[in-house]
Amino acid sequence: MRQLLTIGVFARAARLSPKALRLYDELGLLRPAAVDGESGYRFYDPEQLERARLIAWLRRLGMPLARIRRVCDLPAPAAAEEIAAFWEQVLAETAARGQLAGFLVDYLTGRGSPVEEPTTMLGIRYAARSELGLVRTSNEDTAYAGPRLLAVADGVRGSGGDLASTAAIEALKPLETLAVPAEDLLGVLADAVAEADRAIGRIAASASAGEALTTLTALLWSGSRLALVHIGDTRAYLVRDGELFQITHDHTYVQSLVDEGGLTPEEAASHPQRSLLVRALTGTGAARPDLSLHEAAAGDRYLLCSDGLSTVVAAESLREVLTGPGGPEQVLEELVTRAYTAGAPDNIACVVADVVALEGPAAADAGRNGGTGR
């Protein structure tokens, strides 16, 4: 039997403090291998050193803890891609801050500058739809789109699922009118999701509600920055420069097999348990959603959708529609049409939003063109 290390010995080996290890335990980042039942003292397996050092290195990069947890749960190649994407984001944000700092130095020292204020105000044009699948008699999918919030939730089949998906998005809607600085986006969004989970718990406690759980994928905007929260198998996609990127990771049993190398993506697509969730909002307080920050650019297009769209419309078909002509409403119409053409065995919820540069009141008003759907 492998000898376990005390928290002090493990902390020194990992070059972390015991306080940091206790925090990582509380956050679910690095659980001890054993805990003494009487003293509560933590013990660690030497094999946990690699994960501990990775966490320490990622913290030195400045990566948020929520994103570190996601990286640590990914296989090595996917983790490397996530770290590279994070660093590209850091460099882009650093360059933008440098440009703004130069502008402010010139302005405050009276030297003047021919360069106008470098930041560009961004807004979104948006639309949302939720439609009944061809073989369904009830719709538990909810979609919402507003000037600052985009969200899709897919509840478990039945009245409890319908109530859960609605409650999840209703808990986020107050964020539309809340003034949130960009640096506080993730914290505010995490608090709103926790409230959504509590609301689902109250629904689940009702004897008449039935099973109550839901997935949730949502984007919250502030300036050019947006916060993403995701749990379950609803998805978020980004179209930039004609390329389609899936920016969420499915929390399903089948996806975990793909991550471990046990299935290929092609095999996963037809697996009989492809809809089995390993994470969702269940009302128990145990939800572990993914949280991340992203930088938007004029010309970006975002798609949020339930698996009723993503499982029947292939990625290349999605890219074709999303990069084609038409605004959000026209694009949604085409996406729903393609889902129905493919048989639409499940309900379909989707949101499309275009990022636009705001150059005046008329452009700002245009950015508010959109609505909600269920």
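The figures follow:
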read-out	value
All positions within segment 239-281 that are among the hydroxyl-bearing types (Ser, Thr, Tyr) and over 30 Å from GLU183 (Cβ atoms)	THR252, TYR253, SER256, THR264, SER270, SER275
Residue satisfying condition, being of a type outside the set (Val, Ile, Thr), surrounded by 13 or more Cβ atoms within 10 Å (Cβ to Cβ) and in contact with a helix residue (DSSP H, G or I) (Cβ under 6 Å, 6 or more places away or on another chain), within set ALA11, ALA20	ALA11
Matching option when the condition is surrounded by fewer than 19 Cβ atoms within 10 Å (Cβ to Cβ), under 24 Å from ARG69 (Cα atoms) and not hydroxyl-bearing (Ser, Thr, Tyr), among ALA286, ALA269, ALA296, ALA315	ALA286
Residue tally, condition under 13 Å from LEU335 (Cβ atoms) and over 15 Å from the mean Cα position of the chain (by Cα), over segment 290-310	4
Output for segment 149-164, where each listed residue is charged (D, E, K, R) and surrounded by 23 or more Cβ atoms within 10 Å (Cβ to Cβ)	ASP154, ASP162
Some residue of segment 32-48 being touching a helix residue (DSSP H, G or I) at 6+ places or on another chain (Cβ under 6 Å), of a type in the set (Lys, Arg) and not assigned by TED's automatic domain parsing to the domain that holds GLU183	yes
Qualifying residue in segment 204-220 (condition: more than 21 Å from ALA286 (Cβ to Cβ), part of a loop (DSSP other than H, G, I, E, B) and not β-branched (Val, Ile, Thr))	yes
Residue in segment 218-230 that is surrounded by the most Cβ atoms within 10 Å (Cβ to Cβ), counting only those that are more than 13 Å from ASP300 (Cα to Cα) and either outside the structural domain of SER310 (by TED's automatic domain parsing) or small (Gly, Ala, Ser) (or both)	ALA218
Qualifying residue in segment 165-185 (condition: at negative phi, buried (at least 21 other Cβ atoms within 10 Å of the Cβ) and acidic (Asp, Glu))	no
Lone qualifier among VAL152, VAL193, VAL180 - being part of a loop (DSSP other than H, G, I, E, B), among the hydrophobic types (A, V, I, L, M, F, W, C) and in the same structural domain as ALA296 (by TED's automatic domain parsing)	VAL180
Per-region count, segment 295-331, residues out of contact with any helix residue (DSSP H, G or I) (no Cβ under 8 Å at 6 or more places or on another chain) and of a type in the set (A, V, I, L, M)	6
Residue check, ASP36 over 30 Å from THR252 (Cβ atoms), modelled with pLDDT under 85 and of a type in the set (D, E, K, R)	no
Criterion violated by ARG31 - all others in (1) closer than 24 Å to ALA287 by Cα; (2) touching a residue at least 40 places away in the same chain (Cβ under 8 Å) satisfied	(2)
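The values are calculated or read from the model by the stated rules, or taken from the named source; none is laboratory data. Just so you know, these numbers come straight off a predicted model, no measurement behind them. Note: ideal-geometry Cβ built from the backbone for every residue, glycine included; neighbour counts use all protein chains shown.
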